[in-house]
1. Work through the residues other than residue B:129 whose Cβ is under 13 Å from its Cβ and net out their charges, Lys, Arg +1 and Asp, Glu -1.
2. Using the structure shown, list the pairs from B:252/B:273; A:109/A:186; A:230/A:332; A:9/A:65; B:62/B:273; A:76/B:204 with a Cα-Cα distance above 21 Å, or answer none.
3. Residues of the range A:90-113 with accessible area at least 40 Å² lower in the all-protein-chain context than alone (1.4 Å probe)?
4. Using a 7 Å offset from the Cα along the Cα-to-Cβ direction at both residue A:68 and residue A:183, what is the distance between the two label points in nm, to one decimal?
5. Cα to Cα, under 18 Å, and not fewer than 8 places away if on the same chain: which lysines meet these conditions relative to residue A:179?
6. Please give the calculated 222 nm ellipticity per residue for chain A, where each DSSP H segment of at least 4 residues contributes -39500 (n - 2.57) and the sum is spread over every residue; nearest 500 deg cm²/dmol?
7. Where a Cα-Cα gap under 15 Å defines reach, which aspartates and glutamates qualify for residue A:293, not counting those fewer than 8 residues away within the same chain?
8. Can you tell me the FRET efficiency between residue B:273 and residue B:45 if r is taken as the Cβ-Cβ distance and R0 is 45 Å, rounded to the nearest 0.05?
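The values are calculated or read from the model by the stated rules, or taken from the named source; none is laboratory data. The structure presented is a predicted model; accordingly, all values stated were derived computationally and were not measured. Backbone-built Cβ (ideal geometry, glycine too); neighbour counts: all protein chains shown. When the accessible area is computed, the model is the full protein with side chains, heavy atoms only, and any ligands, DNA or RNA have been set aside. Shrake-Rupley method; radii C 1.70, N 1.55, O 1.52, S 1.80 Å.
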Amino acid sequence: MAANSVEIKNLDLSFGAVNVLQNLNLQIPEGEFLVLLGASGCGKSTLLNCIAGLLDVSGGQIWIKDHNVTWAEPSKRGIGMVFQSYALYPQMSVKGNLSFGLRNAGFRKAEIEERVARAAGILQIEPLLSRKPAALSGGQRQRVAIGRALVRDVDVFLFDEPLSNLDAKLRADLRVEIKRLHQRLKNTMIYVTHDQIEAMTLADRIAIMRGGAIQQLGSPDEIYNRPVNKYVAEFIGSPVMNFLEGELTGAGFVSGGETIPTEGYTWADGAGTGPAWLGIRPEHVASGADAAKKTYTTEIAVELVEPMGSDTLVWCQVAGQPFHFNMDGQEKVAPGDRLTIGFDAARGSMFDKDSEARL
Amino acid sequence: MANPATISTAVAGADTLPLDGPQGPRPRPRLSRRNIFIYGTMLVVAVYYLLPLYVMIVTSLKGMPEIRLGNIFSPPMEITFEPWVKAWAEACTGLNCDGLSRGFWNSVKITVPSVFLSIAVASVNGYALSNWKFKGADIFFTILIFGAFIPYQVMLYPIVIILREIGLYGSLGGLVIVHVIFGMPIVTLLFRNYFASLPEELFKAARVDGAGFWQIYFQIMLPMSLPIFVVAMIIQVTGIWNDFLFGVVYTKPDTYPMTVQLNNIVNSVQGVKEYNVNMAATILTGLVPLVIYFVSGKLFVRGIAAGAVKG
Ligand SMILES: Nc1ncnc2c1ncn2[C@@H]1O[C@H](COP(=O)(O)OP(=O)(O)OP(=O)(O)O)[C@@H](O)[C@H]1O
Ligand SMILES: [Mg+2]
């Protein structure tokens with residue numbers, strides 16, 4: 001049995017009368033890369049700050065490496081944290097920034113030198129060691145911030161939206177670097193973001209949060225293919241999933257006079273009935289000749305076209321409801337064209353109309 | 001930003017494209033109504049403030065016979081530094097006839113420790129209040145701010161009694177304590193707001209790095225706070241140097257600060273009024289805050305420029 005690196009038990013946190021986190025439980029095995037994903041204000045940073053010990057919890061426990069650290073100082077928890085704004089000490093050189101934590105912990109000079117050199121080597125910031133943070137680019141600053149956690153040889157890395165201040169290209173580069181770093185160090189990492197691409201690419205497991213509670217915890221694949229409720233389904237995937245409103249009957253999913261067969265769908269808890277949502281990802285819709293292979297086909301009129309290079313997003317109506325799907329970017333379509341499209345409800349997700357839970 | 005693509009094609013098409021209408025920098029006539037008004041007003045205000053200073057300097061350089069002629073605006077016919085020497089070293093107040101120099105050194109002995117202590121304590125206060133949200137911090141802060149609004153007069157006598165009880169009444173030490181206490185609310189507020197404006201993540205990062213209360217204060221906060229220290233210093237030095245009320249109430253003639261001594265020289269009833277000595281004494285007393293402004297004004301700007309760099 002793999003030991004849990006971080007364990008959160010019945011965690012409560014409130015600011016005065018506002019309950020931000022309620023009875024939150026989370027087990028993170030050794031070496032896992034866990035991404036906390038959620039909309040702004042859902043409590044991701046708060047949870048991370050609780051794990052780091054920067055916020056006093058209102059209830060519950062936090063365990064790191066089988067130690068109850070609920071009351072421990074941040075520096076005694078074996079965590080390193082990387083912040084969105086980098087939070088480099090502006091008056092210290094890069095080297096000063098890297099060694100600050102070690103000096104506080106009373107390490108010997110030689111040991112400090114060695115560790116700083118090693119971290120600088122890993123992050124390729126050796127030429128920058130004598131510079132002040134103001135003389136660094138955003139990407140370099142973030143690397144130094146990661147280095148600050150690296151030198152301390154911590155068990156758990158905490159990242160709070162480390163890449164969201166960077167431009168798109170740099171973000172993609174550093175994302176790969178962080179992934180590489182994780183593969184090399186094999187530390188437990190908890191990473192907060194609201195960028196779903198980051199979440200999908202980096203995570204071993206993703207925790208989708210909403211209003212201070214974890215909605216779903218699972219591998220990126222699970223979250224993408226089998227979202228537990230409509231919120232998660234909507235949150236993950238770009239372009240966003242299509243939702244058709246209708247009714248589940250013995251014949252299939254009936255919506256706007258159309259009947260969409262549901263055979264082959266893996267029900268969560270026996271075949272569902274009654275009012276429901278059918279969610280279909282735009283990339284799972286086939287058009288043209290391929291459409292015929294699908295269990296449901298229909299003819300649509302193109303309303304709007306959004307070319308995106310590799311793909312073209314086409315807007316139309318299905319069963320009288322707005323619908324969009326991806327086509328090959330090389331296909332020529334124009335508003336007004338009529339196309340045959342098809343999809344398998346079995347690849348989609350169905351949610352109860354009231355509870356919005358997966359059926 | 002302009003679109004560089006269109007600009008370059010335009011230039012390539014025709015060497016100089018003829019442009020109609022307004023182009024280039026907008027012309028600004030030197031002698032517009034607006035400029036005349038602005039500079040005229042500033043001139044009047046400057047003269048208004050500088051004229052008294054001119055009269056003081058001119059008068060302080062004249063001998064008494066010349067002053068009695070009555071032309072206060074005319075420059076001295078015969079420049080003499082006698083009044084300055086007298087004001088500094090010979091003017092009599094009460095029993096002492098060693099001029100303002102005694103008061104100057106008293107004021108230095110009052111101002112330096114008061115400024116140092118009040119800034120040291122208030123900056124730590126402000127740091128603790130903004131970063132270490134300890135239990136009761138809000139109440140503590142409210143009380144402190146409330147203290148800033150209590151008129152000094154109300155507390156004059158109780159403090160006399162307190163100082164007498166602890167045996168500091170009449171001494172410079174007592175006055176220093178009074179200045180430190182009365183400067184506390186405003187300077188603490190100043191520091192609290194400044195520290196609150198520094199990024200919170202910096203403080204968090206330092207805590208994760210294992211720095212304690214004093215390490216964060218000295219190694220992270222202090223180096224980032226030069227501008228606010230200069231501001232606090234200007235406020236405190238001028239406030240304490242110019243103080244008259246506390247000086248006259250809590251010290252004895254021997255330990256009077258410069259302002260009180262100046263008053264005693266200027267308002268002395270015996271003998272003839274030596275206007276030139278009075279003018280010289282007044283300028284001498286005002287010199288310290290003036291120098292502080294000039295010196296730290298530069299530092300202040302530099303401090304702000306240094307602090308403005310994002311980390
Ligand atoms: N000091 C505080 N006092 C009161 N409420 C707070 C405080 N800090 C955070 N909150 C509230 O807690 C909730 C969660 O905040 P948190 O910063 O954890 O959100 P987040 O998920 O990190 O959002 P973002 O993606 O924008 O960073 C928010 O609704 C916020 O208003
Ligand atoms: Mg956040």
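1. Charge balance near residue B:129 sits at +2.
2. Table pairs above 21 Å Cα-Cα are B:252/B:273; A:109/A:186; A:230/A:332.
3. By number: A:90, A:91, A:100, A:104.
4. In this crude spin-label approximation the distance works out to 4.0 nm.
5. Hits, sequence-local ones excluded: A:169.
6. On the way: 8 runs with 86 residues, N = 359.
Dividing the helical sum by the residues of chain A leaves -7000 deg cm²/dmol.
7. Leaving aside aspartates and glutamates fewer than 8 places away in the same chain, those within reach of residue A:293 are A:263, A:344.
8. The value I calculate is 0.90.
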